[in-house]
Structures are given as C-alpha cells and as structure tokens.
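Report on the structure given below.
Any read-out appearing in this document is the output of simple, stated calculations on the displayed coordinates, not a laboratory observation. Here the structure is a predicted model, which is why all the values come from computation and not from measurement. Positions of Cβ are generated from backbone atoms using ideal geometry, with glycine treated the same way; all protein chains shown enter the neighbour counts.
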Amino acid sequence: MSEEITFPLEIEYRHLDRSEVLDTRIRDKVAKLTRYYDRIMSCRVVVEPSQNRHNKGNLYHCVIDITVPTGELVASRDPHKNHAHEDPYVAVRDAFKAMERQLQSFAAKQRGDVKHHEAPPHGRAVELQPETGFGVIFAADGRELNFTRNSVVDFDFDKLEGGESVRFAEVQGEDGPTASTVHVEGKHHASG
C-alpha cells in the first residue's frame, strides 16, 4: 500500500502519451518525499522527450517542482548527459533522487542542522612599526598577535593606522600565535 499524498499533485506529460504505470511510479515517489520533509505544499512533475533526437531514440527529461513554505525547490536531470534516460522511468528515478537530496538539505537548514562557518577572528592593529614591517593586533578575545608587512592583504601596510579594525587568519609561529593573513576592515568610529 502506498503512502498517502496530502497536497496537490500535478503530473504532466508533454509530447508523450500518459502512462498509468509511470503515473503510479511518480505518485509513489512523491509520497516518499514526505519522509525527507513533511511540509510540502504542492508538487508538479513534468515528463517529456528531449528536443534533440539521437540515433537510438529519444532521451527523456523530468522536472520536479515542489512548493515549500518558504519558496520552491526544483530538480531536473539533463538527458543529454545520460543515455540511460532513453527510458523515461530512469529519467524520473534520477530526478526524484536529486529532489530527495534537495529536500534533505532543505530540512536540515530548517532544523538548524547546517554547519555555520565561524567568522574569522578580528581585532585592532595597535602597534605598527613601518620601518621594520611588523605590527601587533589586539584581538577581540584579549590576546595579542604579531603580524608582518607581508601578512596584510589588499592594503598598503604603510598606510595602516593604529586602531584600525582587522580580521585575520591565525597560525602558530615560533614566538606564539601570529596573524598570517590580515584584512583591514576600516577605522573604528567611537560614538560619543
């Protein structure tokens, strides 16, 4: 017994006769999508032969368009890259596999399971020695890190002023933590 579909489903065949067997397969696959995300609002599936004919016959194209509360997800398989898509059932299977991956990723984002990239460390350039090409960053976490003229990216070290906001990549140097890459963000404007 197949799972029940509780949202509007539209199956369209373009330039292709409707197939009850393929209809049933599509309905089963749509019902299984709710395992990955249970708040699907509607689904539209289009199956059609490719515009380009090959010696062996048509390649089939399947597009799945799902509406979710925050927008749409669309999965499609390009038949030109896969001769297995001479079978419409394979084109449908592959498009549903792609939609399953999208729904899994979407559901993970909705749950907050997505890994958030930490912002690079930041601080202020506080001690600058233009004659030697060295400086010190006072990091937001209270540590001090040394850096060199060559560490500064897309900015002239000689124009760097004390107190400028920077973000940096940290490495362990011979004399402790060192900023290997320093990006100047701009001066901190204190209000008051």
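Phi-derived couplings, Karplus 6.51 cos²θ - 1.76 cosθ + 1.60 at θ = phi - 60°, listed residue by residue for the range 156-173: 7, 3, 5, 9, 5, 10, x, x, 5, 6, 9, 10, 8, 9, 10, 10, 8, x Hz, with x used for Gly and Pro. Amide H contacts of PHE155: none lie under 5 Å away among residues 5 or more positions distant or on a separate chain (H built 1.01 Å from N in the peptide plane; Pro and chain starts excluded).
Modelled label positions at GLU161 and ARG35, each set 7 Å beyond Cα in the direction of Cβ, lie 6.2 nm from each other. Our coupling estimate for the range 138-155, obtained by passing each phi through the Karplus curve with A = 6.51, B = -1.76, C = 1.60 and θ = phi - 60°, is 8, 6, 4, 8, x, 7, 10, 10, 7, 8, 10, 3, 6, 7, 6, 9, 6, 7 Hz, Gly and Pro reported as x. Projected onto their three principal axes, the Cα atoms of the range 122-187 cover extents of 26, 23, 18 Å, largest first.
Given R₀ = 35 Å, what would the calculated FRET efficiency be for VAL153 paired with GLU72, taking r from the Cβ atoms and rounding to 0.05?
Details: r = 39 Å, r/R0 = 1.11.
FRET efficiency, VAL153 to GLU72: 0.35.
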